[in-house]
Each structure stands twice: as C-alpha cells, then as structure tokens.
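Note sheet for the following structure.
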Amino acid sequence: MTISEMIFADACKVIPGGVNSPVRSFQAVGMQPMIVASGSGDLICDVDGREFIDYCGSWGQLILGHAEPRVVRATQQQIEKGSSFGIATKIEGELARKIVELIPSVEKLRFVSSGTEATMTALRIARGYTGRQKIVKFIGHYHGHSDSLLVQAGSGVSALNVEATSKGVNASAIADTICLPFNDIGAVRSFLRSGNGEKIAAVIVEPIAGNMGVVLPEKGFLEMLREETALAGALLIFDEVITGFRVALGGAQGFFGIDPDMTCFGKIIGGGFPAAAVGGKAKIMDVLAPIGQVYQAGTLSGNPVAMCAGLETLRQLEVEGFYQRLEEKTKRLVLPIEKALEKIPGCIQRCGSMFTLFFGVKQVRNKEDLKSIDEAKFRRFFKALFERGIYIPPASSEAWFVSAAHTDERLDFTANVICSLLRDGI
Ligand SMILES: Cc1ncc(COP(=O)(O)O)c(C=O)c1O
C-alpha cells in the first residue's frame, strides 16, 4: 500500500468518503485520490514523494502559484500579530478599497468566507432590496451548495445525481429558483418578457461558465441579460468566484464591458485562504444589517490573515503586463494542443488562463452539449497525465488553470506529453 492509500483509508473511517469536498475523491476518474503534502510555485508534492505540475491551482484560487513568497511573508507577519479577532481591522478596509478601485460596478462589498456564502448572501440582498422572491439561474452553472441554488448545477453535482439536485434539499427551498438554458438568448428574453420579469428578484450567472467546463457566453447573451433585467427591475448578479481577477484585472465584467448590479467574488481574493465577498451598488448593499434589514454575519468574515493574502495577491496582479504574460504562458501550452486536436474529436475552450479540454465534442455551448463528452477517454487521459507527473482537475467538465508560476519548461513538457497522447491515441 502507498502512504497515500493508507492515509486515505484512515480518513475514510472518520470523514465521509475520506474527503471534505466530493470531487477530491477522484471518483469521477476511478482512481485512488492523491494525498497532497506540499506545494511550491507550479508544483505539488504528495505524501509518497511524487511531484506533479499543477493545473488545478486549488480550483483557480492560486493565480500566483503555491506558497508565493510575498504572500507567505505577509500572512506570517499577520499571524504573529493575531490570526482572528472577530472585531473590525484596518486590513479588511484596505482590501475592500482595492476591489472597489479595480471593479467599477462595485461601490461597497461585504466579506464572507466562501463562494457559497457570497452567492447565498447576494440572493438574500436581492430579495430584500426588490421585495421579490424568485430568482433565475442557468442550467449547468454552479454557485456553491446553498439550498436554493443547488438545482441544475455544475459538474461536481451532476456526477452525484443526474437531476443535479441534491437529496436533502426541500422542494420548498428551490420552488423559487427558475433554471433557464445558458446562451439561449431567445428563451431567456421570452421568459422574462412574458409576465415573469416583474416577479424576479435577480438573475445570477457565471459570466463565463467554469463549472461545466469553460463555456463562453455567446455574443449578445450577457448584453441581453443586462438589458432585460434592467427592464424587468430585477438585479443582475455576476458570480465571478472563478472569473474575478482571473480573466482580467476587471474580471469578466471588465473583459466584456458589462456592469452587473452585484458581483460575487471568491478564490483569488483570498490569496490561498478562505475569503469571498459580495459587492455592488451602495444603495443595494446598504440593505445589509446593521444599516438595513437584511441579516448576514460571520465569525471569520474578513479574517485578517485571508485579507493580507488577498491584498498582497491583488497588488501583484496590478503590476503592468501581468495578464498579458499569463495569457502568453497559457497560449504556449494551449496552441500546440489545439493543433493536435484538429485531427481528433475534441476541443479547447478558453478565456485567458482558464480553459477546458473536452473530448468527443467540437463545441460546448451549454449543459446539453456535455452529454456527448467521451468520459472514458477523459479517464484514461487523466490517468496517463497523472502517471507522467501532470495534475489536472479530476473530472471531465472542469476548468484548468495556468498560474504566473508556471515555467516555460513545464508548460512545454505538458504540451508535449498531451500532444503525444493525443497523437498516439489514449
Ligand atoms: C462560480 C462559483 N460560484 C460559487 C462557488 C462556491 O464557492 P465555494 O466553494 O468557495 O463555496 C464556486 C466554487 O467552485 C464557483 O465556481
């Protein structure tokens, strides 16, 4: 037995399925999960001493790579001064100001500890602000695991249940959630215009879907959402938990030039620690207690260590040319693979440094298209990469991430391995 296998077997006795988030179990790829021991830059090392080039990056969180020295130093200094107070600190205001400065649609924001809390809070604010009950989400989009959003969600959930609705969620909890098809301008417009619009508190969308693999919005889709929600008096919420500070310094909203009413952030703003946020126009955000009547709270919200890590991360993202360099790194990896894919059924869908390699399809526009994915091929592919020291997300419809820490040598090595696997057939 390997050390990983022993640790996992022990964990299974005390943690359901041995993991604290289902996709970590490697169930979707039919393998024993890795037990990670450490990470540095673009590499992670498991407890058996195996090294992997990491393209998961803590699910998109680590845009600077693992244990980035300045983030480590900043957080160590904060820990020495105290790691949690449950009292207001200066650093949370600094990070909030930085986000407000970088994201023009956000005038005020509140920090929470997870993306799930951010989206859940966004819906509560929207309902409190508009006095309406219903919300619209898109099929295949994942916004965390709060009850009202756990319907027709992303890849981790669909592996669990084909209906994409978890057991334990009361029908009443999702009764006000309406699921519409992503990228279907006609269907969404006609739904909102046929007497439903005025009942909708908010439309929540991943502006670039990342949880059914990377699926870009088609031309005009986000613009239509902006137009129709404004017309209906509903709020438009961009869930930028993945895309925020990933695809551009201004997030997907900056990339596409659309101002939502509210935005949810997570992942990158915590710089490797648990932090997330919900932000938006001041008049909307001020419905939150203690000013307004919408209650929301958290012992660890705005945790100073997470705030330090987030602020240090954002400062590095602001350096001139950061996103251009990240784009070049990603192209170095992706372009040769795209060439190899010309001869076999498969495609890469990408925005900046996030992308997905889909097997068996030439395009994915929505959840329906995922039905044609060659899952067996993905499983063989994952295993072959794993054996060669390359770690990608362990499910077929997830986003891969390139970080600033990925070296040219390792990107070239990865591209060569993938191209030869594609050429030789997996
Ligand atoms: C777009 C999106 N929203 C919300 C969430 C939930 O975030 P968390 O896992 O921090 O609760 C995720 C998680 O991956 C996500 O991708």
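Summary of computed values
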read-out	value
Distance violations [Cα-Cα > 29 Å] among Lys267/Lys339; Lys90/Lys281; Lys134/Lys219; Lys108/Lys134	Lys267/Lys339
Cα gyration tensor shape for the stretch 373-426, rounded if a/c is under 1.5, else prolate or oblate	oblate
Separation of the Lys339 and Arg325 label points, Cα + 7 Å toward Cβ, nm	2.6 nm
DSSP H segments from the chain that extend 15 Å or more along their own axis, Cα-based, with Kyte-Doolittle mean of 0.0 or above	3-14, 221-232, 304-317
Selected from Ala37, Met6, Asn20, residue furthest toward positive end of dipole (the stretch 1-69; charges at beta carbon)	Asn20
Potential extension, Asp286-Ala376 segment - 0.36 nm per residue separation minus Cα distance	27.4 nm
Label point distance in nm, Ala175-Lys219, each placed 7 Å from Cα along Cα→Cβ	4.4 nm
Carbon/sulfur fraction of accessible area - the chain, other protein chains in place, 1.4 Å, %	53 percent
Separation of the Gln363 and Asn196 label points, Cα + 7 Å toward Cβ, nm	2.5 nm
Förster-model FRET efficiency, 25 Å R0, Gln76 and Asp408, C-beta, rounded to 0.05	0.25
Potential extension, Asn20-Val417 segment - 0.36 nm per residue separation minus Cα distance	139.8 nm
Cα shape, the stretch 69-317, gyration tensor, a/c 1.5 rule	prolate
For the chain, share of DSSP beta bridges that run antiparallel, in % to the nearest 5	60 percent
Euclidean distance of C-alpha centroids, the stretch 375-418 and the stretch 279-339, integer Å	25 Å
Computed magnitude of the charge dipole of the stretch 69-317 (debye, nearest 20; Cβ of K, R +1, Cβ of D, E -1)	360 debye
Where the stretch 51-191 is the region considered: accessible area per residue in Å², 1.4 Å probe	46 Å²
Within the chain, helix-based [θ] at 222 nm, where runs of 4 or more DSSP H residues each add -39,500 (n - 2.57), nearest 500	-11500 deg cm²/dmol
With eigenvalues of the C-alpha gyration tensor scaled by 5 and rooted, the chain, Å	32, 27, 21
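The values are calculated or read from the model by the stated rules, or taken from the named source; none is laboratory data. This is a predicted model, so every value here is computed, not measured. When we count neighbours, we look across all protein chains shown, and the Cβ atoms used for this are built from the backbone with ideal geometry, even at glycine. With ligands, DNA and RNA removed, areas are computed over all heavy atoms of the protein, side chains included. Shrake-Rupley method; radii C 1.70, N 1.55, O 1.52, S 1.80 Å.
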